[in-house]
1. In segment 139-206, how does Rg compare with the Kirkwood Rh, expressed as the Rg/Rh ratio over alpha carbon atoms?
2. Measure up K304/K347; K200/K384; K304/K384; K197/K384 against 29 Å on the Cα-Cα distance and list the ones that go over.
3. Taking Rh as the Kirkwood radius, which is the inverse of the mean 1/r over Cα pairs, what is the Rg/Rh value for segment 287-335?
4. In Å², and per residue, what accessible area does segment 303-343 have when probed at 1.4 Å with the other protein chains present?
5. Tell me the volume per residue, in Å³, of the convex hull enclosing the alpha carbons of segment 90-227.
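The values are calculated or read from the model by the stated rules, or taken from the named source; none is laboratory data. Because the structure is predicted, anything quoted here is derived from the model rather than measured. Each accessible area value is taken on the protein alone, full model and side chains, heavy atoms only, with ligands, DNA and RNA left out. Shrake-Rupley method; radii C 1.70, N 1.55, O 1.52, S 1.80 Å.
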Amino acid sequence: QLQQLQLHQSSATPLRFRSSSSCHVVSVLSRPKPTTPTSISHINTSTSSIPPTLTSSAIAARFSTASASSQSSDRGGDRNNNDNDGNKQKKKKSSSSAADEPNIFLDNIGKIFLGAIGAIVLMLVRSSRATSDRTALRDYIENHALLDPLEIDDLRVANSLLTAEVFQCIMQDCYNAFPSGRASYEDFVSVVMTTMKRLKGEAFTVQLGHLIDRVAIAAIEREVELESEIVGEGAATSAGSPEHIDSAKKQLPLPLLFAILSLTLNGDVSDRVRLLFEGMEHDNSASGRSGGAEGTVSEADIIKMVDYLQRTCQLVPDAQIVQTETKYPVQGYRRGTPAELVGCAKKLMADDGLWDEERKGGGGGSGDDVRYDISDFHRVLRTKQVCAWGECYRKTKNLE
């Protein structure tokens, strides 16, 4: 056997390694043979002494855990990245939506500017149109006036001798000649001429009497119209026909005749106010209407006197214009009635602290309950809304 082994070793190994191989074989042969385990327990005890090694399943488990953790971390990173991207997109959308939201002012600034310019232009046009209408109405009143302001001045200059004392004497003679308080214009002129000649001789008469006649004829026609309105249309037709109208015989109230004659009075405003107020007082006593305190007249008397002054061209045309209820598109104007002028004058006086309705006895009642003394009458005539003889003084607390 030894020889066969050597032969086999020599045939398998090159010759140059033969000597060493033989020694190796000897050493191998000289080793003791391992004993085979006799039992399974012996095998187990023997394998337990072998150091543990990683199996393929354990390695696979470790690799799967690592890969799962890496995948979860990758997913978390992807989720965070997605959240960041979502926040950025939301911010972009919010900023873009804020930028895209409409701004009414900025989007319509051109329209707003044009609208403002148009409103200003319309206001200017409306104001200009209203001013033009008021001016046209004032020109109409001036052109249809019975007397021109220059003609009134000529009357006063031409009758420089007809002073307040002479006028007082004329009024007294008229009271005596016409106790009823009414007279025809012809009879009135006759008494006036008689008184003037008695005072200063035959040469003393009314100068430029044709101007006075013009105003008197218009006053008579107005009285006929007023009576026709009161009586009715049938009476208006009969009274309005030329054969039934006699201007020389028509009865007029004495305060109206005194207002006509005051155009020739050479005196200041205080004299005119005093004489006209005395005429109203006497007319109340003659007709039995003096129901108030002595030295006062009713509001109806004040309205009548303002009417007389308006009809005899002694009110400023601009003061007679009042506003109508038409406000749009253009403010309307018309010639005010005497009652409207007195109402506006009272309002102006109340604003200036010159009028107290309760103190005067009005208390919200009728016009006859309100009493006016001579100072109140003077203030009414000198207000801006009446402005008799052009004396428009609003601050008139101290009147003589």
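1. 1.07
2. Exceeds cut-off: K200/K384; K197/K384.
3. 1.19
4. 44 Å²
5. On the way: hull volume 33.8 nm³, N = 138.
Hull volume normalised by residue count: 245 Å³.
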